[in-house]
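Worksheet: one structure, shown below.
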Amino acid sequence: MGVQDALAAMLVCEAESALLREDPVRLQRRYELSDAELAMLSGAAPDGYRVTYTGVLGKLRSAVAACLPDTVAELLGGHRALWEEFARGVVRRPQPAARPFGMWESERLTAWLATQETPRLTAYARYELARATLVHDRDAALAARDAATVAGSGDRPAGALRLSAAARVETYTHDVTAGPPIGELPAGRTRVLLQRGWRAPVVRAYRISDGTAMLLARCDGTRDAAQVIAEVGGDHARAAETLAKLVLAGLVWPRS
């Protein structure tokens with residue numbers, strides 16, 4: 001606790017700002033302020049706090065919206081109290097340098113939503129964050145470039161297979177591919193395959209079956225196509241056809 005915590009709280013919480021005017025002694029005790037620190041806070045004009053409050057929230061909103069645009073829209077449109085509660089906590093923490101714009105704040109929001117009773121919002125925030133992470137991942141960009149190059153040459157690699165660095169397999173509690181509107185996402189375990197493009201950093205999303213997810217899970221660089229198919233079991237011909245399509249799409253590659 002201290003003057004920085006008190007100032008951060010006042011900038012994002014109108015109730016804390018009002019406390020300075022209505023019960024400064026209580027604010028002093030809450031944040032363990034010295035008399036000089038309390039006097040410094042009291043000397044600022046209330047209008048200044050309101051302007052700064054609006055500016056801080058605006059910057060936070062812009063940062064998170066850069067990665068989680070639909071999640072932010074849903075929060076501001078129907079869950080503003082949740083958004084303000086999140087803002088009161090996150091604005092006080094130091095942000096690491098050299099991160100993509102909005103990524104740190106978006107990670108904090110996604111983790112925080114997981115502690116709330118917001119299953120649809122949490123699922124969709126995770127989905128948007130996974131897409132944003134893939135866009136900014138350098139290894140994913142290089143893998144997407146390599147996939148585009150090989151696709152143009154017609155060559156198809158052989159050997160032990162691994163999932164491309166340009167792809168991710170995620171599991172969600174709701175069908176995130178159906179939204180927005182986030183509040184209407186159908187409930188149900190949903191497997192999603194994400195793939196980053198090369199020329200434009202667009203992330204494509206595909207709903208996949210458990211069988212396809214099992215194939216991809218075994219493409220870990222220790223098995224060739226025949227071994228992957230054998231371990232999955234079931235209809236080998238269908239599994240081989242699915243695996244061939246995944247290779248053709250640049251989603252599965254030989255171990256480097």
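The values are calculated or read from the model by the stated rules, or taken from the named source; none is laboratory data. In this text, all values refer to a predicted model and were calculated from it rather than measured experimentally. All Cβ positions, glycine included, derive from the backbone under ideal geometry; neighbour counts span all protein chains shown. Areas reflect the complete protein model, heavy atoms only, side chains present, ligands, DNA and RNA absent. Shrake-Rupley method; radii C 1.70, N 1.55, O 1.52, S 1.80 Å.
When Gln227 is tested against (1) without any contact (Cβ under 8 Å) to a residue 12 or more places away in the chain; (2) under 22 Å from Ala140 (Cβ atoms); (3) in contact with a Lys or Arg (Cβ under 9 Å, 6 or more places away or on another chain), just one condition goes unmet, and that condition is (2).
For every residue, the table says whether it meets (1) at pLDDT below 95; (2) in a helix (DSSP H, G or I); (3) more than 22 Å from Asp5 (Cβ to Cβ).
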{"residue": "Ala98", "(1), (2), (3)": "yes, no, yes"}
{"residue": "Glu105", "(1), (2), (3)": "yes, yes, no"}
{"residue": "Arg108", "(1), (2), (3)": "yes, yes, no"}
{"residue": "Glu117", "(1), (2), (3)": "yes, no, yes"}
{"residue": "Ala125", "(1), (2), (3)": "no, yes, yes"}
{"residue": "Arg131", "(1), (2), (3)": "no, yes, yes"}
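Annotation: Leu251 fulfils all but one of (1) open to solvent by 70 Å² or more (accessible area, probe 1.4 Å); (2) within 31 Å of the chain's Cα centre (by Cα); the unmet one is (1).
Residues in the range 222-237 that are buried (at least 16 other Cβ atoms within 10 Å of the Cβ) and either assigned to a loop (DSSP other than H, G, I, E, B) or not charged (D, E, K, R) (or both): Ala225, Val228, Ile229, Val232. Among the residues of the range 146-187, the one identified as at pLDDT below 90, assigned to a helix (DSSP H, G or I) and charged (D, E, K, R) is Asp146. Listed conditions (1) within 21 Å of the chain's Cα centre (by Cα); (2) modelled with pLDDT of 90 or more; (3) surrounded by 18 or more Cβ atoms within 10 Å (Cβ to Cβ) are all met by Trp198, apart from (2).
Taking (1) small (Gly, Ala, Ser); (2) open to solvent by 60 Å² or more (accessible area, probe 1.4 Å); (3) modelled with pLDDT of 90 or more in turn, Ala240 satisfies each apart from (2).
Scanning the range 188-221 for residues that are among the small types (Gly, Ala, Ser) and not in a loop (DSSP other than H, G, I, E, B) yields Gly188, Ala205, Gly211, Ala213, Ala217, Gly221.
When the range 173-195 is limited to residues that are open to solvent by 50 Å² or more (accessible area, probe 1.4 Å) and of a type in the set (D, E, K, R), the one that is farthest from Cys67 (Cα to Cα) turns out to be Arg189. Could we say that Val232 is within 20 Å of Leu161 (Cβ to Cβ), touching a helix residue (DSSP H, G or I) at 6+ places or on another chain (Cβ under 7 Å) and at pLDDT below 90 here? It is true that Val232 is within 20 Å of Leu161 (Cβ to Cβ), touching a helix residue (DSSP H, G or I) at 6+ places or on another chain (Cβ under 7 Å) and at pLDDT below 90.
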